[in-house]
Amino acid sequence: MDFQEKTAVACDLCGGEDQSLLFVKEGFPHVRCLRCGLVFVSPRLGGHGDLQRLSGTGGMGEDRLTSSQLKRLRKEVELLRPFRQLNRILEIGAGKGWFLLEAHRQGWETWAVEINVQALDRLNQMDLTGVIVQRAEQFESPPGSVDVVRIWDVIEHLESPRQAVNNMFRALRPGGLLRLSTTNFASLSRMVNGPEWVYLNGADHIFLFEPATVGRLLEDAGFSGIRIRTRSFNLRRKLYHPERELPARFPLLRPFRKIIDEAIRFTKFGHQMIVTAIRPENAADAR
Ligand SMILES: [Zn+2]
């Protein structure tokens, strides 16, 4: 397929084909499904699998973590202890592998689904239990074989989040936990910045979820106990870099940024959604 050729796509969440155009950024139309409200890029480029394999953001992530980042990861893994039955964690799009490394340190059997060549180089040097070299939409694992699935800032890149989530549901044992993170299109920082919002990158970020649409995605797959929190105001943050610079046109907000950052996690308007959901006991397999 011609990499530059763009193809119109139906809504991945509900199959609907009626869309309203929100805006065009850098040649990429961002549309909202008129049936379910999902925001996505259409028409979009083909070859997202190649993008993830060869460049994309799959190999990104920090080369070194700060002590506070390491502490946060340690705490995140510690909080998974109540789910430990099979002692198996699976991460979809493990990137530099920091999370799995910490899980390994805490005694978990660690599995990764990854296709990015840089990430695979790194993961192969680590002492992981296993790496499944398949796309998130296509990976196969024994049903009900893991306690926890984690997918962090990955789902917005996938050609079919719905298929990927169905696979994750199947991989989890009944009572197992899904942890998912993605950017929040309904965030205050997106509302303030409009199409300039730093996470709007139509070549790469092809799905822009909101609490309502990510909730429906997981519900449709069969998940229950869905909990959606948001964090960080993050008015403007350069992707994958620690700098957090406000554009000059919002100087008045600058003194309040820390306060807003603190307060926003009590709302649904933070820029990052952190979602947890449970595969119910005794549930039939997802579609
Ligand atoms: Zn839809």
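A short reminder: the numbers here are calculations on the coordinates, not readings from a lab. Predicted model, so just to flag it, every value in this text is computed and none were measured. All Cβ positions, even for glycine, are placed from backbone atoms using ideal geometry, and neighbour counts span all protein chains on display.
Key figures for this structure:
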{"quantity": "Value of D in µm² per second that Stokes-Einstein yields for the range 52-146, Kirkwood Rh from Cα pairs, at 20 °C (1.002 mPa s)", "calculated": "156 µm²/s"}
{"quantity": "Axial C-alpha extent at least 18 Å, average Kyte-Doolittle at least 1.0 - helices from the chain (DSSP)", "calculated": "none"}
{"quantity": "The range 46-278: mean projected area of Cα convex hull, nm²", "calculated": "12.3 nm²"}
{"quantity": "Order by protection proxy (mean Cβ within 10 Å, highest first), peptides 93-104, 39-50", "calculated": "93-104, 39-50"}
{"quantity": "Electrostatic dipole magnitude of the chain [Cβ: Lys, Arg +1; Asp, Glu -1; Cα centre; debye, to 20]", "calculated": "1200 debye"}
{"quantity": "Lysines whose Cα lies under 17 Å from that of Lys6, excluding same-chain neighbours fewer than 8 positions away", "calculated": "Lys25"}
{"quantity": "Per-peptide average of other Cβ atoms within 10 Å, ordering 212-221, 188-197 highest first", "calculated": "212-221, 188-197"}
{"quantity": "Between the range 27-46 and the range 206-233, the Cα center-to-center distance that results, in Å", "calculated": "17 Å"}
{"quantity": "Debye intensity ratio in log₁₀ form over the Cα atoms of the range 172-238, taken at each q of 0.16, 0.27, 0.28 Å⁻¹", "calculated": "-0.63, -1.26, -1.32"}
{"quantity": "For the range 30-35, Karplus couplings with θ = phi - 60° (6.51, -1.76, 1.60), whole Hz, Gly/Pro x", "calculated": "9, 10, 10, 5, 6, 8"}
{"quantity": "Equivalent ellipsoid dimensions for the range 1-54 as semi-axes, Å, which come from the Cα gyration tensor, largest first", "calculated": "21, 13, 9"}
{"quantity": "Neighbour-count ranking [beta-carbon atoms within 10 angstrom, fewest first] of Phe256, Phe223", "calculated": "Phe256, Phe223"}
